[in-house]
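The values are calculated or read from the model by the stated rules, or taken from the named source; none is laboratory data. Remember, predicted model here, so these are calculated numbers, not experimental data. Quick reminder, even Gly has a Cβ in these numbers, built from the backbone with ideal geometry, and neighbours come from all protein chains shown. All accessible areas refer to the heavy atoms of the entire protein, side chains included, with ligands and DNA or RNA removed. Shrake-Rupley method; radii C 1.70, N 1.55, O 1.52, S 1.80 Å.
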Amino acid sequence: MSIPEPDRPTDSSRLQRRLLLQAGSGLALLPWLRTAQAAATDGWPADSRVPGGVARLSLGPAAERPQAFAGDIPLLVLGDAIEWTALVGIPLSAPTGPAEIKLQTASGPRSIAYTVRDKKYSEQRLKVAPKTVDLSAADNARYERERDHQQTVMATFSTPLPAHMQLPVPVPGRRSSSFGLRRVFNGQSRNPHSGMDIAAATGTPVKAPIDGKIIDVGDYFFNGHTIWMDHGGGFLTMYCHLSATQVTVGQSVRAGEVIGKVGATGRVTGPHLHWGVMLNRSMVDPALFLTA
């Protein structure tokens, strides 16, 4: 059974529904109950149903957390018995039009449909060292080994789930390149830009935006010195082109802790931090997670 995408409720109607469900179930008002004003900044990413965006799909009430999947990839589900929400990272390569997720609930399987809207991203033309565009056999073999390793890293899905998903920028600076740019290196088209670039001087400290666990530290052909952090439920962040890393795999870090320093390693045109955010193995726009 497929459930069509409903009209998205307003903040006030969502709050009213939560109040009615609580009243009907006999639950006392919880002290953390959000007001309508707070619902727009509830610690979750903004709803943006475009390639590279995030779909926030209401799953309704249930006594236990439903399991949700995009294909066979598990999705992050947050909320409570009053209302669960699936947070779906939409790949940049996703076609526009109808899409759906699958649910496993106590009452059986079902699906929820939604629509991916079109979004036009700008184009960026860059000049870089020719050897980083036309790879030698040795460099290509290295890239393929690193790609396979990072695919394993990106499949991480752990608990506990994140307490919130609003992120301060990990380093101060000018946004030099935004997510989704269609990139042309030395006249050759390559994959769209999968993160946010923040220009900063070499050696500038990079801080963990929220609590997490270090799941990978490496020196990669394209990304240079890189750190991956796991925040639970397939919610990962990555930090690339670092001049130095100050953490180790398996280390737990707290929000605001320095994890590395800005640099210009890998394929770059100057010192900056490439900051990526991933949900269900899809790189999504970090701007959707930024705190005000």
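Observations on the model:
- A single member of HIS225, HIS149 is open to solvent by 10 Å² or more (accessible area, probe 1.4 Å) and in contact with a Leu (Cβ under 9 Å, 6 or more places away or on another chain), and it is HIS225.
- Restricting the range 83-99 to residues that are touching a Pro at 6+ places or on another chain (Cβ under 9 Å) and open to solvent by 10 Å² or more (accessible area, probe 1.4 Å), the residue that is nearest to GLY234 (Cα to Cα): PRO91
- Within the range 128-146, considering residues that are outside any helix (DSSP H, G or I) and modelled with pLDDT of 70 or more, the one surrounded by the most Cβ atoms within 10 Å (Cβ to Cβ): LEU135
- Just one of the listed residues (LEU76, LEU103) is within 16 Å of GLY234 (Cα to Cα) and touching a strand residue (DSSP E or B) at 6+ places or on another chain (Cβ under 7 Å), and it is LEU76.
- For the range 187-203, a residue qualifies if it is among the β-branched types (Val, Ile, Thr) and either within 18 Å of HIS149 (Cα to Cα) or not in a strand (DSSP E or B) (or both), and exactly one does: THR202.
- Residue within the range 5-12 that is of a type outside the set (D, E, K, R), at pLDDT 95 or above and either within 17 Å of LEU288 (Cβ to Cβ) or open to solvent by 60 Å² or more (accessible area, probe 1.4 Å) (or both) present: no
- The range 112-127 - residue that is at pLDDT below 95 and assigned to a strand (DSSP E or B) and, of those, nearest to SER48 (Cα to Cα): GLU123
- Restricting the range 71-82 to residues that are among the aliphatic types (A, V, I, L, M) and open to solvent by 30 Å² or more (accessible area, probe 1.4 Å), the residue that is modelled with the lowest pLDDT: ALA81
- Restricting attention to the range 267-292, the residues that are touching a helix residue (DSSP H, G or I) at 6+ places or on another chain (Cβ under 8 Å) and modelled with pLDDT under 95 add up to 2.
- Count of the range 85-111 residues, restricted to those that are assigned to a loop (DSSP other than H, G, I, E, B) and over 19 Å from the mean Cα position of the chain (by Cα), is 3.
- Restricting the range 228-267 to residues that are of a type in the set (A, V, I, L, M) and more than 14 Å from THR204 (Cα to Cα), the residue that is most open to solvent (accessible area, probe 1.4 Å) is VAL249.
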